[in-house]
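**Q** Quick one: the structure is below, questions incoming.
The values are calculated or read from the model by the stated rules, or taken from the named source; none is laboratory data. Fair warning: this is a prediction, and the values are worked out from it, not measured in the lab. Positions of Cβ are backbone-derived with ideal geometry, glycine not excepted, and every protein chain shown enters the neighbour counts. Accessible surface areas use protein heavy atoms only, side chains included; no ligands, DNA or RNA. Shrake-Rupley method; radii C 1.70, N 1.55, O 1.52, S 1.80 Å.
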Amino acid sequence: MNEKNKTLHRRAAIITGWVFTAVIVFFFLGSLIAKDRTFSEKENRMLEKAPVINAGQIVSGRYEEKFETYFSDQFLLRDMWIEIKAGFDRLTGKVESNGVFLGKDGYLIEGFTEPDEKNLKETCRAMGDFAAEHKDIKQYAMVVPNAVEILSDKLPAFAPAADQGKYLDALGKNLEGQGITFLDMRGVLEKNREKKLYYRTDHHWTTEAAYLAFLEAGETMDYKGTEVKFEALPVTGEFQGTLSAKSGFRSGEKEELEVYLPKDGTVSSVVNYVEEQKKTASFYDTEKLDTRDGYACFLGGNHPLIRIETPTQSEKKLLVLKDSYANCYLPFLATQYRKIVVVDPRYYYGDLEELMQVEEIQEVLYLYNANTFFSDTSLQMVLKGG
């Protein structure tokens, strides 16, 4: 390298150093003067609050971890810097940001990390104990594989994502051994890979994928899903999911979001949001389509407790313990059950045993996506009554 090039490289290094120093100072000063936010609409998640100084946490290192998370969440113009960082990452060839991979064919794919074995064992044990206490109640578990498993061929080369399938195999064997029927959806989803099963900018499965799973589960759960015909209705072409916001990748990309409605329009349900003391005749909140979290059009988002009553011929009563993957699935189940009681353990603090007795529950369905299930701690607490 000649002297001229060396000089240019030195100048570039100095300028880069000053730029990064200025950015760090800007972040620090911005965090000091900006009012803390509690929620990121762009990322659709709660933000870390300022940690309270605690001697025990300082010694253990937990305070430092919490403060780093708080600082990262609260710095000034966070959303803008996420997009700027993603732009730099793409220029340097980086294909992963904040746990999200820049996949092929326009897909953003959330990675999968190996679950905490102790926590997973506790959750499975709690489910097994619950099944043993209610042997007269049929229990099913549908842990839906994520795009990282079904669309693994769309991951960038050498993406360091753990094998989700291995854990689903072990989970199915564990739950079956404890009397819980495992509804493995990998087969039907892999068979229909040519269809749009997952959103390109969001971590959820699509309504079409949920419908395929509903039909697949029918034989095991003793219902005929094909008796009611549905038609797909696009409700927006402007949906942009949380993976885009989380990673900063493809921030301008929008996609279509569909709901499925009964063709004859005969299925009419009463959806009761118990804690909010609100009743409606629809599973959909179209006002949410104009917000950052467009997926919340299904049931208006997540709620602690929902009671759904339908005019079906069946007298069966179902309890669903779930995460947000169930939100677009429940309208299909409503064609098969007279009553569905829906509990999201992440927000529910009531007595589950009492609820089951009052509602005269006959069947239980756990419906989660794999990423959430394998990292969840709230389910075991609800099952244990804690």
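**Q** How much solvent-accessible surface does Leu212 expose, in Å² to the nearest 10, with a 1.4 Å probe and all protein chains in place?
**A** Its heavy atoms expose roughly 30 Å² to the probe.
**Q** Using DSSP to define loop residues, name the GluC sites (Glu not before Pro) in the range 271-350 whose beta-carbon has at most 16 other beta-carbon atoms within 10 Å. Spell out each step's value before the answer.
**A** Details: sites: Glu275, Glu276, Glu287, Glu309, Glu315; in loops: Glu275, Glu276, Glu315.
Listed in order of number, the matching sites are Glu275, Glu276, Glu315.
**Q** According to the square roots a ≥ b ≥ c of the eigenvalues of the Cα gyration tensor, what is the shape class of the range 277-361, taking rounded for a/c under 1.5, prolate for a/b larger than b/c otherwise, and oblate for the remainder?
**A** Values: a/c = 2.19, a/b = 1.36, b/c = 1.61.
In terms of gyration-tensor shape, oblate.
**Q** Give the separation of the Cα centroids, the range 290-335 to the range 167-216, in Å.
**A** The distance from the Cα centre of the range 290-335 to that of the range 167-216 comes to 17 Å.
**Q** Which entries of Lys138/Lys384; Lys254/Lys288; Lys138/Lys279; Lys254/Lys278 have Cα-Cα distances beyond 22 Å here? Provide the component values of the computation, followed by the final result.
**A** Working: Lys138/Lys384 19 Å; Lys254/Lys288 16 Å; Lys138/Lys279 28 Å; Lys254/Lys278 31 Å.
Over 22 Å apart, Cα to Cα: Lys138/Lys279; Lys254/Lys278.
**Q** For Phe298, what is the net charge nearby, where nearby means another residue's Cβ is under 10 Å from its Cβ and Lys, Arg count +1, Asp, Glu -1?
**A** Once positives and negatives cancel, what remains is 0.
**Q** Along each of its three principal axes, how wide is the spread of alpha-carbon positions in the range 138-190, in whole angstrom units, largest first?
**A** For the range 138-190, the Cα spread along each principal axis is 42, 19, 11 Å.
**Q** At R0 = 41 Å, how high is the FRET efficiency between Asp136 and Thr286 if r is their beta carbon distance? Nearest 0.05 is fine.
**A** Working: r = 41 Å, r/R0 = 0.99.
The value I calculate is 0.50.
**Q** Assuming a ≥ b ≥ c are the square roots of the Cα gyration tensor eigenvalues, decide whether the range 225-281 counts as rounded (a/c under 1.5), prolate (otherwise, with a/b larger than b/c) or oblate. Don't skip to the end; give the middle numbers.
**A** Numbers: a/c = 3.39, a/b = 1.53, b/c = 2.21.
Oblate is the answer for the range 225-281, as a/c is 1.5 or above yet b/c matches or exceeds a/b.
**Q** For the range 156-203, which chymotrypsin sites (Phe, Trp or Tyr not before Pro) are both in a DSSP coil and crowded by at most 14 other Cβ atoms within 10 Å? Intermediate values should be presented prior to the final figure.
**A** On the way: sites: Phe158, Tyr167, Phe182, Tyr198, Tyr199; in loops: Phe158, Tyr199.
Passing both the DSSP loop test and the Cβ count: Phe158.
**Q** What does the charge count around Arg346 come to, taking other residues whose C-beta lies under 10 Å from its C-beta (Lys +1, Arg +1, Asp -1, Glu -1)? Intermediate values should be presented prior to the final figure.
**A** Working: positive: Lys322; negative: Asp323, Asp344, Asp376.
Here the charged neighbours net out to -2.
**Q** Which value in Å is the Kirkwood Rh of the range 146-278 over different Cα pairs?
**A** Details: mean 1/r = 0.0567 Å⁻¹.
One decimal place: 17.6 Å for the Kirkwood radius.
**Q** Could you tally the net charge around Pro234, taking each other residue with its Cβ under 13 Å from the Cβ of Pro234, Lys/Arg +1 and Asp/Glu -1? Working shown, then result.
**A** Values: positive: Lys196, Lys254; negative: Glu208, Glu231, Glu238, Glu255, Glu256, Glu258.
Counting the neighbours of Pro234, the net charge comes to -4.
**Q** Let me check something: with ligands and nucleic acids excluded, how do Val228, Val320 order by accessible area (1.4 Å probe), largest to smallest?
**A** Numbers: Val228 25, Val320 0 Å².
Reading off the accessible areas and sorting them downward yields Val228, Val320.
**Q** Of the GluC sites (Glu not before Pro) in the range 166-248, which ones lie in a loop per DSSP and count no more than 14 other C-beta atoms within 10 Å?
**A** Working: sites: Glu176, Glu190, Glu194, Glu208, Glu216, Glu219, Glu227, Glu231, Glu238; in loops: Glu194.
Sites meeting the loop and neighbour criteria: Glu194.
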